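Have a look at the structure below before the remarks.
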Amino acid sequence: MRKALMFLMVIALLLGPAVSAMAFEVGVRGYYWFANINGDISVDGNNVYGTNLNLEDNLGMDQDSYPVIEVFGGLGKHHLSLARYSVNYEGSRVLTGNIAFNGLTFNTGTSINTSLDYDVYDFMYRIDLLDLENILAGGSLGIVARVEVFDGSAEVKSALASTSQDFTVPIPMVGLNCHVGILADILEARVLVTGIGYSGSTVFDSQADISFTPFPFLDLHAGYRIFYIDVETDDVKLNYNTAGPYVALTVSF
């Protein structure tokens, strides 16, 4: 009996890492991101260079909050996710100087309303290069390949005129993901950093959070996310960042 028990223990020790490595997981995560916006935008049109406009000072845009929905799945060390969110920043100002936007000129003293709207589709693949687990703590380190697609429009309007410009920006990024489990994964910390720089353009997206697992399959998160973009597409120049805290809830199996 003792020999049989010892044999089963040896088999469990040998097969345990293999079973863990092939572990399958699916889930959904919902964020609520309280994001402040800061930076500039300009829109060219009709052979006229657009005025570089500060989103806060010139256009009156400020903090907003919006939900982010993410579905994910994993098999062993391979992980896939798809997230989506919609952004709608609005502002109003009385102009203290002439501005050009998408080929139209808005004169000093004009009261304008502005909006920056876009949908984001975030595709991500992660592979764990290092996966260390034990009874009380553990962690993993992985490489991330990511594509974020921005599809939106920017608009300026007054009582006499209005104009808008659509844009679509696909952004490929690479980065690292680090996960640390504490107290048998009841408390966990995660850091995700991705970015890219090319032809004078720069994009950077990072987030860090702490999660608590009060019940199996359920995680509660609190974290902070920073997104920075500096690109030009469809006559639209975007140079701004959105940053702020978020809370999240994850259900996974």
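Here, each number is a calculation from the coordinates, and none is a lab measurement. As the structure is a prediction and not an experimental result, all values here were calculated from the model. Cβ placement follows ideal geometry from the backbone for every residue including glycine, while neighbour counts extend to all protein chains displayed.
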Could you list 220, 95, 116 in order of exposure, starting from the residue whose Cβ has the fewest other Cβ atoms within 10 Å?
220, 95, 116
Stokes-Einstein D for segment 2-252 at 20 °C, 1.002 mPa s, Kirkwood Rh over Cα pairs, in µm²/s?
104
Between residue 54 and residue 132, what is 0.36 nm times their sequence separation minus the Cα-Cα distance? Round to one decimal in nm.
23.5 nm
Could you go through segment 103-112 in sequence order and give the Karplus-derived ³J(HN,Hα) for each residue, using 6.51 cos²θ - 1.76 cosθ + 1.60 with θ = phi - 60°, rounded to whole Hz, and x for Gly and Pro?
x, 9, 10, 10, 8, 3, x, 6, 8, 10
Can you give me the Cα centroid spacing of segment 43-72 and segment 91-165 in angstrom?
6
Relative exposure of 171, 186, judged by other C-beta atoms within 10 Å (fewest first):
186, 171
In percent, what relative contact order does the chain have, based on Cα pairs under 8 Å that are 6 or more apart in sequence?
18
At q = 0.09, 0.15, 0.16, 0.19 Å⁻¹, what base-10 log of I(q)/I(0) does the Debye formula yield for segment 111-253 when every alpha carbon is treated as an equal point scatterer in vacuo?
-0.39, -0.87, -0.94, -1.16
Restricting to DSSP H runs of at least four residues, report the calculated mean residue ellipticity at 222 nm for the chain, -39500 (n - 2.57) per run over all residues, nearest 500 deg cm²/dmol.
-2500 deg cm²/dmol
Other-chain or far-sequence residues with amide H under 5 Å of residue 85's (modelled H):
120
Mind giving me the nanometre distance, one decimal, between the label points for residue 176 and residue 226, set 7 Å out from Cα along Cα→Cβ?
1.6
Suppose a student asked you for the relative contact order of segment 141-253, using Cα pairs under 8 Å spaced at least 6 residues apart; what percent would you report?
19
Sort 227, 212, 101 so the one with the fewest other Cβ atoms within 10 Å of its own Cβ comes first.
212, 227, 101
